[in-house]
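The values are calculated or read from the model by the stated rules, or taken from the named source; none is laboratory data. Bear in mind the structure is a predicted one, so any value in this text is a computation, not a measurement. Cβ atoms come from the backbone with ideal geometry, glycine included; neighbour counts cover every protein chain shown. Just the protein is used for accessible areas: all its heavy atoms, side chains included, with ligands, DNA and RNA removed. Shrake-Rupley method; radii C 1.70, N 1.55, O 1.52, S 1.80 Å.
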Amino acid sequence: MSAPLLQLSDVTKSFGGIKALSGLSCEVRQGQIVGVIGPNGAGKTTLFNVITGAYRANSGDVNFDRQPITHWRPYRIARAGAVRTFQNIRLFSSMTVWEHLLVAQPGRGALWRRALPTRWADGAAIARAEEVLEFFGLKDVRNQIARSLSYGTQRKVEMARALTANPRLLLLDEPVAGMNHDEAEDIRRLMLRLRDGGLTILLIEHDMGFVMNLCDYLYVLDFGVLIAKGLPAEIQSDPIVMDAYLGKEA
Amino acid sequence: MSTYTASLLADVGILTLGALSVYVILATGQLSLGNAGFMAIGAYLASYLTVVAGVPLTSALVIAALCSGIIGVMIGFPALRLKGIFLAMATLGFGEMIRSLFLNLEITGGAGGFHGMAHVSVTYVWIWVGLILVLVWLMESSRAWLEMRAVADDETAANLIGLNTTMTKIGAFGMSAAVAAVSGGLFAHHHVYIEPGNFGFERSIDFVLAVILGGSTIGAGSLVGAALLVLLPEQLRALDDWRPAAFGALLIIVLLIRRQGILDRSLLRRFTFRKQAA
Amino acid sequence: MLLQQLVNGVTLGAVYTLLALSFSIVMGILGILNLAIAELFMIGGYLGFAVITAHLSLPVAVAAGMAGAAAISAVIEKIGYEPLRDAPLVTPMLSTLGFSIILQNIATNMWGSDPLQLPDEFLGGRIALGPVSIGELQLIVIGVTIVLVAVMAYIVQRTSMGRALRAVAENRDVARLLGVSGSRITLTAFMMSGALAGAAGVLIAIHYAAITPYVGVEIGLKAIAVMVIGGTSRIWGALLAGPLIGIAEVLTVAYGGSQIRDFVVYGFMIAILLFRPQGLLGGSGADQGQRV
């Protein structure tokens, strides 16, 4: 079997005396949708921050596509193919939806192409942006300031922005938070289509129904420790998980 | 056109370039209070090249812009670790250091200034201004410009989605330094005499003022701001001794009622639509 | 000779210290450079000058400079800062610049653009201390500075207003959450800052025995450097940085190129910003700085 696309071994990250992640090991295989669940404060977003280079792990290794990315700068990790969205939506406040889709294609095009008007010099970037715009059904809002849109649409724009970079691994931090059922279902279908197209997805989500219906594999975190992993069906019936997480919610 | 009008127009052009140099850095969300320093580098270098080394003016300006740009990049590497007001204060310090440097540099005349440049016409000044305005205008619809705006909006997020924010900022700094140098070279060859006092803190502030008054979200704003800054005091002549005060009051009023500056995209769009309709 | 220069340096440094504290109060609390401070300083100088030449006592002159500058500073806060508090940092900074243009214009029109000299009768004697001769006025400058710094230290450390000021300086957002009233604090900060600038202006007029409308820009920019060198988040750093820069300046002028001094001062300031952003004295944890 081939090596996993993303592999964390024994990763620890602490703030002051508090361990947000302790000795975490996990892996994400090519072509899967993998979920990370756990109660608030379990260290899920910290995990994303360590993978994408926003935080540097105190110890342990992160490997992406067989490269050690533990100490890489964030933009380099993103260019290597691991691109994320944010739990607290971070869209660029001055930009339209369309501009978000153009700006986040950093790997594409020589400097002269990027420095000249896009519509003259960079057909490829425009084509990619059009494709993603269409895929997410954002054509109607194309020229609106992204921050002015509804919450659900803003989340879509974030996903679209990440996708224009042609990532190999898409990291989604609570992609359906604040969405109604129909919107979430829409996102679920889009994610499945992306996976069938060969994209690997790692996602954090609180909506259990969404996670169980979508993910191929799950990791459960609690207080920075990995307490369970397995197929959704196994996790659902795991007593430790019920106790730590599902029990509290119910 | 009288000599007087020509001189005013040339000053508008030179200030437009200075303002554009600040505009480019402002697009990445950073403020420079020391661009007069780069202007001084351009002015002295271009003048030295034409007067002492006999280089033709246009080549001298290109060389000055390149050298200043390289200095800008070199300074940018350490300086851009700073942000916001701290970067602004560091650039202020840089500007004052350069002024002090030229005060002490005997080869360019020290405090006595430097002269001997051949006078250039207002047309030549405006060819450069037009060229750089067009370049900036083209860049504004490029992806590189979007990357700069991304840095201004949310630097951390920009980095996490794959933008090399450090290079973007340093590139902007270098470009800014080059444009300011052209402004300085033209200043020197229009006024045919320069001294370190020409490039003090007040000059740097003039650049910032022109951008903020004219409109900081669009390059053409620099042109509007520069025209305002140079021509308005002429219009206020009736006020005689109180011209600066009236100007200061006007500045405060504009900031209070239209903080994005006089020109912005929506205003520009209204103008162009009206033209099409007519 | 060296000792004499040290004394002169400390006197100049005392003025720098007051002015740097003035910048630092507004900077620490609001994160902006109040560019009008340089001209409040100049106006304070003229007010003090007028009082002295009217044969009133020095304390009255200092008080007049402080009161005048504080009052103008309050006006600046109300018109030029308060309405722009949520704008990008550059906007209120330029509105304070608008006021500084106005203030300089007023001074030039009222008192002329040539320097005013303090007549000899006010200059006071000199006290010989071994090889060093100290002017009485120099002693006054240093003495007034010490008193003002002590008063300010008391206000900041011991009064409830001072605690509120420190809370806001520590963390603007948290202070707001705790219900510290922003607008009252802001006004107080501007007025205290203005009063210090005004006092510094009176002292520089005494120190130079002259005043010009252009004194603000030169000394004001230098005071910004002093503030940075002392540490923008630690206002007491200015107590060390002021005399340090004052002495360094006097010494470079005395033993070498007078023009190279600015190069040294601003170079030092940039080095501090880059390598010790917490200032000479400060501990760890530098302010990251906001976007403009």
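For the options B:Val12, B:Val230, B:Val129, a Gaussian network treatment of chain B with springs between C-alpha atoms closer than 10 Å singles out B:Val230 as fluctuating the most.
For the residues of A:113-122, the average number of beta carbons from a partner chain within 10 Å of their own beta carbon is 5.
For B:Lys83, the lysines whose Cα falls under 20 Å of its own Cα, not counting residues fewer than eight places away in the same chain, are B:Lys169. The GNM of chain B, with springs linking C-alpha atoms under 10 angstrom apart, assigns the highest mean-square fluctuation among B:Leu101, B:Leu57, B:Leu213 to B:Leu101.
When the solvent-accessible area of segment A:88-165 is split by element, carbon and sulfur atoms take up 51 percent of it, the probe being 1.4 Å.
Ignoring ligands, DNA and RNA, what percent of the 1.4 Å accessible area of chain C is carbon and sulfur? Let's see the in-between values first.
On the way: 7490 of 11430 Å².
Its accessible area is 65 percent carbon and sulfur atoms.
In units of the compact-protein estimate 2.2 N^0.38 Å, the protein assembly as shown shows a Cα radius of gyration of 1.07. For A:Ala20, the residues whose amide H sits under 5 Å from its own are A:Lys13, A:Ser14, A:Phe15, ignoring neighbours fewer than 5 places away on the same chain, with H placed 1.01 Å from N.
Placing unit charges on the Cβ atoms of the charged side chains and taking the dipole of the protein assembly as shown about its Cα centre, the candidate lying farthest along the positive direction among B:Gly42, A:Ala54, B:Leu26 is A:Ala54.
Could you work out the relative contact order of segment B:3-200, using alpha carbon pairs under 8 angstrom and six or more residues apart, expressed as a whole percent? That works out to 46 percent.
In debye, nearest 20, what is the charge dipole magnitude of the protein assembly as shown about its Cα centre with +1 on Lys and Arg Cβ and -1 on Asp and Glu Cβ, if you could check?
Details: 59 positive and 55 negative charges, 193 e Å.
Magnitude of the dipole: close to 920 debye.
Derived scalar couplings between HN and Hα for segment A:82-98 equal 10, 10, 10, 10, 10, 4, 9, 2, 10, 8, 7, 5, 9, 10, 7, 4, 4 Hz in order, rounded to whole Hz, by the Karplus curve 6.51 cos²θ - 1.76 cosθ + 1.60 (θ = phi - 60°), x for Gly and Pro. Taking amide H as placed 1.01 Å from N in the peptide plane, A:Gly35 has its amide H under 5 Å from the amide H of A:Leu203, A:Asp216, A:Tyr217, A:Leu218, A:Tyr219, each at least 5 places away in sequence or on another chain.
Would you mind getting the accessible area per residue of chain C, heavy atoms of the protein chains only, 1.4 Å probe, in Å²?
On the way: 11430 Å² over 292 residues.
Counting only protein heavy atoms, the per-residue value for chain C is 39 Å².
Each semi-axis of the equivalent ellipsoid for chain C is √(5λ) with λ an eigenvalue of the Cα gyration tensor; in descending order they amount to 30, 22, 18 Å.
Take the solvent-accessible surface of the protein heavy atoms, probe 1.4 Å, and return the percent of it on segment B:3-200 that carbon and sulfur atoms account for. Don't skip to the end; give the middle numbers.
Working: 4360 of 5970 Å².
Taking all protein chains in place, segment B:3-200 shows 73 percent carbon and sulfur surface.
With springs only between Cα atoms under 10 Å apart, run a GNM on chain B and tell me which of B:Ile41, B:Ile98, B:Ile75 wobbles the most. Top of the fluctuation ranking is B:Ile75. Applying the Karplus relation 6.51 cos²θ - 1.76 cosθ + 1.60 with θ = phi - 60° to segment C:46-63 yields 3J(HN,Hα) values of 5, 4, x, 4, 4, 5, 5, 5, 8, 6, 9, 6, 4, x, 5, 4, 4, 4 Hz, where x marks Gly and Pro.
The accessible-area loss of segment B:126-156 on complex formation, taken against its chain alone with a 1.4 Å probe, reaches 40 Å² or more at B:Leu138, B:Ser141, B:Arg143, B:Leu146, B:Glu147, B:Arg149, B:Asp153, B:Asp154. The B-C contact accounts for approximately 4000 Å² of buried accessible area, totalled over both chains at a 1.4 Å probe radius. The C-alpha atoms of chain A occupy a region whose extents along the principal axes are 58, 39, 39 Å, arranged from largest to smallest.
Note on the protein assembly as shown: dipole from Cβ charges, positive end direction compared against C:Ala71, A:Ala20, B:Pro196; the farthest Cα belongs to A:Ala20. Counting only aspartates and glutamates at least 8 places from A:Lys229 when in the same chain, those with an alpha carbon closer than 13 Å to its own are A:Glu27, A:Asp216, A:Asp238. The magnitude of the dipole of segment C:2-275, with charges of +1 and -1 set on the Cβ of Lys/Arg and Asp/Glu and taken from the Cα centre, is near 760 debye.
Where in chain C is the longest stretch that carries no chymotrypsin sites (Phe, Trp or Tyr not before Pro) classed as loop by DSSP and with at most 16 other Cβ atoms within 10 Å?
C:1-213
Each of C:Leu240, C:Leu94, C:Tyr255 was scored by the projection of its Cα onto the charge dipole of segment C:2-275, and the greatest displacement toward the positive side belongs to C:Leu240; charges sit on the C-beta of Lys, Arg, Asp and Glu. Annotation: amide H-H contacts under 5 Å for A:Ser25 (H modelled 1.01 Å from N, sequence separation of 5 or more, or interchain): A:Asp10, A:Val11. Solvent-accessible surface of segment B:3-200, averaged per residue with a 1.4 angstrom probe and all protein chains in place: 30 square angstrom.
Across all directions, the average flat footprint of the convex hull enclosing the Cα atoms of segment B:3-200 is 10.8 nm².
For segment A:88-165, the dipole from Cβ point charges (+1 on Lys and Arg, -1 on Asp and Glu) about the Cα centre works out to 180 debye, to the nearest 20.
For the chain pair B and A, the interface hides roughly 2600 square angstrom of accessible area in total, found with a 1.4 Å probe.
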